[in-house]
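Please treat every number below as a calculation from the coordinates, not as lab data. The structure presented is a predicted model; accordingly, all values stated were derived computationally and were not measured. Virtual Cβ from ideal backbone geometry, glycine too; neighbours counted across all protein chains shown.
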Amino acid sequence: MVKIRQKEYENFLKAMKGLKIAVIGDMMLDVYYWGRTERISPEAPVPVVNVTGEEIKPGGAANVSLNVMSLGAKPYSFGVIGSDMSGSSFIDNFRTHGLDTGNILIDKKRPTTVKTRILALNQHVVRFDKESTDYISGNIEKKLIESFVSLSGRMDAVIFQDYNKGVLTPNIIKSIMKISSEKKILTAVDPKLKNFLSYKGADIFKPNLKEAEEILKRKIRTESEIEKAGIDLMDKLELKQLVITLSERGIAIFDSNAIMKIVPAQSTKIANVSGAGDTVISSLVAFMCAGASFEEACTIANFAASIVIEDVSIIPVDPAQLKTRLEGSGIIIKGK
């Protein structure tokens with residue numbers, strides 16, 4: 001198990017304050033309706049939910065920005081929303097959280113991506129989505145690349161947060177990967193299948209187990225199968241480092257020599273795994289840029305995910321909770 005001295009961890013947090021991390025991808029709005037259900041509808045065999053509260057949060061790539069900010073670094077968010085009421089709500093919500101909207105582009109021809117969840121007694125009843133999965137237009141694509149180029153000299157890292165909603169086009173990926181390579185900006189990817197093979201040469205690549213199975217076209221169950229899959233992915237995509245999330249089993253990490261380590265899951269209470277991947281990639285990148293080793297950053301990110309999955313809604317990691325959990329698990333030890 002990784003051990004991090006208290007003084008060293010404090011130095012990571014200090015270094016975090018000066019970091020600038022670009023987050024580019026599918027920005028969304030998460031809407032929650034909370035309530036209770038006591039009867040079945042007379043119109044159809046479905047529960048009637050009496051709504052008692054509602055909540056709106058930045059979601060998708062926007063949740064990665066929230067996590068980056070929560071940890072103490074400064075996120076620069078690059079994405080696209082629609083010219084609709086949900087888009088206005090997204091902007092208002094983004095600003096309420098203290099996030100900058102200067103690089104969020106508005107496309108009048110597509111809707112803002114919205115995921116609406118209805119919950120009763122902390123149980124999901126239904127989710128409905130409003131979205132377009134078509135690639136953004138060439139004009140919007142050009143503006144997004146230009147926006148990134150104008151700020152790229154400041155960036156310590158860029159996170160590609162891909163949900164297959166059309167913002168991360170092959171041209172955007174290729175252009176920003178190239179710029180980042182030239183300027184020595186760390187590149188980290190949370191992929192989806194559509195663009196999976198477009199991120200060749202990424203510094204950090206973080207698929208989940210199902211995505212790895214689908215891209216390699218085989219079942220992956222045992223530890224040896226996970227190891228073989230990781231080696232194959234690193235070879236196929238020429239990756240520097242790889243993280244495969246394994247749900248309740250934790251994460252499998254592969255260093256630059258393709259040597260695998262399994263970091264076990266830490267949470268005993270799972271309320272909602274949505275958003276855990278956002279927390280893993282943002283924590284991993286932030287701590288690596290702050291000076292942590294790959295294994296240290298992965299361990300910290302794994303604990304960060306263990307916190308957010310205990311909440312029924314999608315939340316960014318709380319740094320105070322994270323430090324307490326790391327200390328309680330013996331990861332952070334006293335001393336300089």
Roughly how many whole Å is it from the C-alpha centroid of region 15-58 to that of region 152-187? 28 Å
So, counting K/R as plus one and D/E as minus one, what does the shell of residues with Cβ under 13 Å around SER86 add up to? -2
Please express the Cα-Cα pair-distance distribution P(r) of region 144-218 as a list of whole percents, one per 5 Å bin, running from 0 to the bin with the greatest distance. 3, 16, 29, 24, 16, 7, 4, 1, 0
Volume of the Cα convex hull of region 111-191, divided per residue and given in Å³: 120 Å³
Using just the C-alpha positions of region 1-128 as equal point scatterers, what log10 of I(q)/I(0) does the Debye formula give at each q in 0.14, 0.19, 0.20 1/Å? -0.75, -0.99, -1.04
Under 13 Å, Cβ to Cβ, from GLY59 - net charge with Lys/Arg +1 and Asp/Glu -1: 0
What percentage of all Cα-Cα pairs in region 196-271 are separated by more than 14 Å? 57 percent
Among GLY230, PRO47, ALA120, whose Cα lies farthest out toward the positive end of the dipole of the chain, if unit charges sit on the beta carbon of Lys, Arg (+1) and Asp, Glu (-1)? GLY230
Lysine pairs, Cα distance under 17 Å, 8 or more residues apart or cross-chain: how many in region 130-184? 7
Here the percent of antiparallel bridges among DSSP beta bridges lying wholly in region 8-92, to the nearest 5, is 70 percent
Can you tell me which lysines have their Cα less than 17 Å from the Cα of LYS7? Leave out same-chain residues fewer than eight positions away. LYS17, LYS323, LYS334, LYS336
Can you give the translational diffusion coefficient of region 63-140 in µm²/s, computed by Stokes-Einstein from the Kirkwood radius over Cα pairs at 37 °C and 0.692 mPa s? 232 µm²/s
Using only the alpha-carbon atoms, what does the chain span along each of its principal axes? Please give whole angstrom values in decreasing order. 61, 46, 43
With point charges of +1 on the Cβ of Lys and Arg and -1 on the Cβ of Asp and Glu, referenced to the Cα centre of the chain, which listed residue (SER89, ILE215, SER329) lies farthest in the positive direction of the dipole? SER329
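Which value, in debye to the nearest 20, gives the size of the charge dipole of the chain about its Cα centre, when Lys and Arg are +1 and Asp and Glu are -1 at the Cβ?
Here the size comes out at about 540 debye.
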